[in-house]
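One structure is given here, and the rest of the page talks about it.
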Amino acid sequence: MAGISVTLICGGAAFVIMDPSLMVVVICHPVHSALYLVLAFLGVAVLFLQLQAPFLAAVQVIVYAGAIMVLFLFVIMLLGEDKPLPGESRLGLQLPLAVVFSLVLAAQIGYLLIRQPSRGASVAAGPVTVIGGEEVAFGSVKALGNTLFTQYLFVFEATSVVLLIAMIGVVVLAKKRL
């Protein structure tokens, strides 16, 4: 694997993520769309593995591809939205916008693949952060916890409140239908 650069591997994983991401937007059936979103989440986990952040990859699979997608599918089934409405077959601007954004992303990835880093640069080691006088690697549990509970504490807590409010709203909407 010495001849293959990290940029090439990450670029290949990004190309694999593009198809399920496009299908999330294009597919009218909400359950199929959610399942394509699981594939996109798994592709992002592969990117984390390529960046040598195995903890973030595991969290991506467990939290997003596991728990959040089960929650989405539960909400879809609870609301009875598992079948598309008759007028949902027309995508309007979604399909052209998805194609344009996919082409832009493909061009960016192609540019990154063409512009390879120099042989002297070591991308595999990743950045190092100093926490309490100790050097910790990017993507480690200590670096993630320090960043999450210091710099992004308010955002982390606000996200949990927003998810709780969304779940309460879904239960209220579903109860009116029953």
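Every number here is computed from the coordinates shown, using simple stated rules; none is lab data. These numbers come from a predicted model, not from an experiment. Here Cβ is always computed from backbone atoms with ideal geometry, including for glycine, and neighbour counts include all displayed protein chains.
Computed from the C-beta positions of LEU73 and LEU113, the FRET efficiency with R₀ = 35 Å rounds to 0.50. Computed extension gain for LEU39 through PHE149, at 0.36 nm per residue and net of the alpha carbon distance, reaches 36.7 nm. Counting every other Cβ atom within 10 Å of each residue's Cβ, MET77, MET69 order from fewest to most as MET77, MET69. Among 24-32, 96-104, sorting by the average number of other beta carbon atoms lying within 10 angstrom of each residue, highest first, gives 24-32, 96-104.
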